[in-house]
Number of protein chains: 2
Amino acid sequence: MTCLLVPAVACAARAPAGHKTTGHGHQQPKIGVTRGVRSKVSAARAGMDGGAPPAIAPDAVINLELGDPTMYEAFWREVGERAAVAIPGWSGMSYFSNAQSLCWFLDPEFEREVRRVHRLVGNAAVDDGYHLVVGTGATQLFQAAMYALSPAGAQRPVGVVSPAPYYSSYPPQTDLLLSGFYRWAGDANAFDGDAHIELVCSPNNPDGAIREAVLSSESSKAIHDLVYYWPQYTPITGAAAHDIMLFTMSKVTGHAGARLGWALVKDRDVAKKMVYFVDRSTIGVSKDSQVRAAKILAVVSDAYGPGEDDTRLRLFDFARRRMGERWRVLRASVAATGAFSLPEETAGYCNFTKQTVAAYPAFAWLRCEKAGVEECAEFLRGHSIVARGGEQFGGDARCVRVNMLDRDSVFDVLIQRLSSIT
Amino acid sequence: MTCLLVPAVACAARAPAGHKTTGHGHQQPKIGVTRGVRSKVSAARAGMDGGAPPAIAPDAVINLELGDPTMYEAFWREVGERAAVAIPGWSGMSYFSNAQSLCWFLDPEFEREVRRVHRLVGNAAVDDGYHLVVGTGATQLFQAAMYALSPAGAQRPVGVVSPAPYYSSYPPQTDLLLSGFYRWAGDANAFDGDAHIELVCSPNNPDGAIREAVLSSESSKAIHDLVYYWPQYTPITGAAAHDIMLFTMSKVTGHAGARLGWALVKDRDVAKKMVYFVDRSTIGVSKDSQVRAAKILAVVSDAYGPGEDDTRLRLFDFARRRMGERWRVLRASVAATGAFSLPEETAGYCNFTKQTVAAYPAFAWLRCEKAGVEECAEFLRGHSIVARGGEQFGGDARCVRVNMLDRDSVFDVLIQRLSSIT
């Protein structure tokens with residue numbers, strides 16, 4: 001499976017998402033984990049990308065540190081041929097996708113399908129003049145947005161904040177190049193400066209909380225990271241209409257390998273600056289991924305259209321059902337052991353499903369309640385479970401973030417192992 | 001056609017590739033050009049991406065400012081089906097492509113085909129332990145390389161230099177975020193500092209010159225931008241074996257829309273830092289583009305393999321023939337008018353074609369010789385030709401850079417118009 005052994009090795013090449021704000025951040029993570037994991041790898045690429053996942057050995061390390069969304073693979077296999085694309089050799093030669101558009105590297109078909117799926121779900125305002133900017137994942141757009149919102153000609157970098165626990169990649173992404181425009185300034189609740197940019201992630205990574213900006217001043221700006229604001233994860237309570245809203249294929253359809261995100265941007269000048277950033281940093285965004293994503297999103301929307309009654313094609317139904325099952329099993333297991341706790345379940349009326357539903361976050365924010373355990377991540381590693389420690393989110397080291405989107409076989413092993421801890 | 005009217009409008013959203021080293025660079029370019037161009041656009045997307053190019057109106061502005069490689073479309077149409085890929089809906093869900101690899105987001109098939117085409121052409125050392133790092137275009141890898149080469153813990157940013165005329169995008173890409181690690185420091189020949197990073201583009205953009213690093217010191221580092229070191233543009237005189245070498249699909253096969261480049265990197269730690277940069281800035285690179293590029297490159301190499309005698313499938317033959325024709329026509333036209341000059345033709349023995357051949361650069365570095373003309377770009381604009389002014393390359397404003405890789409119909413109009421200037 002994807003996140004079992006192999007990606008754990010990959011993680012070795014990734015620096016820990018620490019909170020360094022100066023210096024290069026490309027140190028290696030703790031060697032012990034890596035070596036331990038690497039030594040158990042047998043079939044390097046097996047199951048990496050669509051092949052049958054290998055069986056999980058009883059002593060294998062399962063890596064749930066990242067948010068790899070391979071749970072969705074089963075859905076797309078079921079959908080089959082109608083989600084496939086064929087791309088001829090002569091297509092996509094030009095840098096341009098639509099030179100008439102403010103975002104000249106945005107494929108018009110992809111744009112159409114993005115707006116269509118938002119209208120279907122009702123999670124974001126896409127009309128009323130919102131500009132769409134495509135990026136190499138929401139990650140690139142987050143940086144484009146900081147660039148666009150930084151005051152020109154400022155004496156020093158503007159502070160970038162988010163309330164703890166915040167997404168652990170925010171600090172190292174923000175400070176990757178030690179920009180003269182912006183700089184990570186930590187927990188928004190501890191911030192006492194004036195001008196700043198606040199990152200508002202809702203539902204929040206890592207803990208699933210529904211959030212609004214906590215700071216506000218004349219000179220404050222917000223970037224809304226709404227990548228988990230889809231009906232499989234949370235009740236859709238209305239169409240968000242913030243200044244800058246980020247989304248990604250990775251979390252709505254599970255196509256993380258496409259590296260494709262989009263921003264809905266209210267202000268034309270801000271959108272133009274974001275386009276400029278993406279132009280300068282990568283001269284646009286893969287057309288191939290956009291062409292493919294347009295097809296994938298069309299299949300998603302078509303399944304809820306008139307005349308389509310094959311319910312197996314309904315992505316949100318599939319994912320919501322799967323998430324519901326997983327959260328029920330996880331909560332039961334946690335309740336049974338007494339060794340852990342989870343944030344309380346929340347619920348609300350969902351405008352998309354037309355019923356009151358529980359939230360099923362993409363990550364479990366698991367707290368170890370055992371006496372003597374100060375670092376939950378370290379404790380779980382002793383049980384061959386890799387999860388990301390709470391301190392990396394500016395939070396409690398007794399917490400860890402656990403991916404809820406991996407394949408069934410991995411999730412099952414997670415539950416077995418958690419259940420065995422008393 | 002791609003670079004006729006429509007991309008000119010797109011260029012309006014792109015800031016001019018000026019040499020600003022401080023402040024945000026996202027100003028709008030000169031409005032007159034944009035408006036003039038926009039007003040003549042009728043069919044927005046016609047011919048943008050594989051459709052039949054629209055006829056070029058007698059008063060239409062032709063935009064040869066960028067290096068859009070749409071010349072290659074004719075080749076890939078001729079190749080037809082065998083260069084097409086089909087991607088199923090369930091493929092590419094994971095962030096990982098090969099977690100065992102140092103570059104965990106590098107598709108193994110793409111890696112194999114990249115190494116294979118370099119071995120076929122003989123333009124770069126790919127064995128001897130070179131690491132391959134994939135990026136969202138050579139543009140992202142150029143930034144990754146600067147990041148990787150910047151000294152850790154330095155008091156101030158290291159200077160980044162290149163001898164003028166240098167690629168006009170180097171300065172604004174370098175200073176996009178005003179990094180604390182590195183900063184654009186201009187013409188390498190005018191540089192008198194110590195530690196620095198030199199960008200060595202060979203064949204050089206904009207003038208096609210063959211270059212070696214001009215600076216050297218104990219603390220100097222070089223990034224070799226070899227994106228034009230392919231047999232259609234220049235004699236292949238040997239396998240380059242520099243510390244960091246950058247290549248891109250855009251210039252070898254013409255697939256600019258894929259946003260796919262690669263770096264061959266000698267030092268493992270440097271490669272790891274580059275991987276870290278790409279991870280943090282975009283969490284990897286589109287799998288869809290890599291899958292497609294693997295196929296495209298396989299078709300290129302197969303065509304020169306044993307048992308294949310369909311010469312229509314030989315990319316380098318096609319492109320070299322086409323470039324040779326264009327350069328002969330351009331030189332004849334320039335010689336006839338007397339209003340312009342071009343760098344002298346150079347030639348050398350090519351190890352790939354096994355003959356002495358002329359260089360046919362991807363851009364023409366055209367100098368206006370008419371008395372009273374100080375700015376060639378402005379002068380050509382008066383003749384409905386958009387080209388990039390020499391001052392943007394740190395060079396002479398009497399020069400312009402003209403794209404030689406656009407479609408035949410556009411190139412023909414260029415020649416007609418240049419020929420009419422006396």
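The numbers here are math on the coordinates, done by the rules we state, and not lab data. This structure is a prediction, so every number in the text was calculated from the model and none was measured. Here the Cβ positions follow ideal geometry from the backbone for every residue, glycine too, while neighbour counts run over all protein chains shown.
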Just to compare against my own numbers: the Cα pair-distance distribution for segment B:287-339, 10 Å bins, whole % per bin, please. 21, 30, 24, 16, 8
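Counting only other residues whose beta carbon sits under 13 Å from that of A:S419, what net charge do I get with K and R as +1, D and E as -1?
Numbers: positive: A:R331, A:R417; negative: A:D412.
So the surrounding residues net to +1.
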Once phi is turned into θ = phi - 60°, what whole-Hz ³J(HN,Hα) does the Karplus curve with 6.51, -1.76 and 1.60 give for every residue of segment A:142-153, x standing for Gly and Pro? 4, 5, 4, 5, 4, 4, 5, 8, 5, x, 5, x
Excluding same-chain residues fewer than 8 positions from A:K272, which aspartates and glutamates have a Cα within less than 17 Å of its Cα? A:D107, A:E111, A:D243
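Divide by every residue of the protein assembly as shown the summed helix terms, -39500 (n - 2.57) for each DSSP H run of at least 4, and state the resulting mean residue ellipticity at 222 nm, rounded to the nearest 500 deg cm²/dmol.
Working: 24 runs with 265 residues, N = 844.
Mean residue ellipticity, 222 nm, calculated: -9500 deg cm²/dmol.
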Expected max-MSF residue from B:G372, B:G284, B:G129 in the GNM of chain B (alpha carbon, under 10 Å) is B:G372
Cα centre as origin, Lys/Arg/Asp/Glu Cβ charges: segment B:83-302 dipole, Debye: 540
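From Cα pairs below 8 angstrom and at least 6 apart in sequence, can you work out the relative contact order of chain B, rounded to a whole percent?
Numbers: 836 pairs, mean separation 92.8, N = 422.
Relative contact order here is 22 percent.
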For A:G307, place a label point 7 Å out from Cα along the Cα→Cβ vector, do the same in each other copy, and report the separations in nm, one decimal, smallest first. 4.7
Considering only DSSP states other than H, G, I, E and B, which trypsin sites (Lys or Arg not before Pro) in segment B:336-407 qualify as loop sites with at most 15 other Cβ atoms within 10 Å? B:K354, B:K370
If unit charges are put on Cβ atoms (+1 for Lys and Arg, -1 for Asp and Glu) and the dipole of the protein assembly as shown is taken about its Cα centre, the option from B:A332, B:Y167, A:L297 lying farthest towards the positive end turns out to be A:L297
Arranged from highest to lowest average of other beta-carbon atoms within 10 Å per residue, in what order do the peptides B:302-313, B:265-276, A:91-102 appear? A:91-102, B:265-276, B:302-313
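If you wrap segment A:95-302's Cα atoms in a convex hull and average its projection over all directions, what's the area in nm²? Don't jump to the answer; show the numbers that get you there.
On the way: hull surface 44.1 nm².
For the Cα atoms of segment A:95-302, the hull's average projected area reads 11.0 nm².
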Sorted largest first, the C-alpha extents of the protein assembly as shown along its principal axes in whole angstrom are 89, 58, 55
Cα pair distances exceeding 20 angstrom across segment B:253-409, given as percent: 67
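Could you work out the mean count of beta carbons from other protein chains within 10 Å of each residue's beta carbon in B:271-281?
Working: counts 1, 5, 4, 1, 5, 10, 5, 1, 10, 14, 10.
What the average comes to for B:271-281 is 6.
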Inter-copy separations for A:D412, label at 7 Å along Cα-Cβ, nm, ascending: 6.5
Alpha-carbon centroids, segment B:223-250 and segment A:75-125: separation in whole Å: 33
Once the cut-off is 34 Å, how many percent of the Cα-Cα pairs in chain A end up in the long-distance tail? 30
Cross-link list A:K287/B:K295; B:K251/B:K287; B:K251/B:K295; A:K251/A:K273: which exceed 18 angstrom alpha carbon to alpha carbon? B:K251/B:K287; A:K251/A:K273
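Pop the C-beta distance of B:R328 and B:E81 into the FRET formula with R0 = 35 Å and round what comes out to the nearest 0.05.
Working: r = 33 Å, r/R0 = 0.94.
Computed FRET efficiency for B:R328 and B:E81: 0.60.
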Counting only DSSP beta bridges with both residues in chain B, what percent are antiparallel, rounded to the nearest 5? 55
For segment B:153-237, which GluC sites (Glu not before Pro) pass both filters: DSSP loop (anything but H, G, I, E, B) and at most 11 other C-beta atoms within 10 Å? B:E212, B:E218
Inter-copy label distances at A:T346 (7 Å, Cα→Cβ; nm, one decimal): 6.4
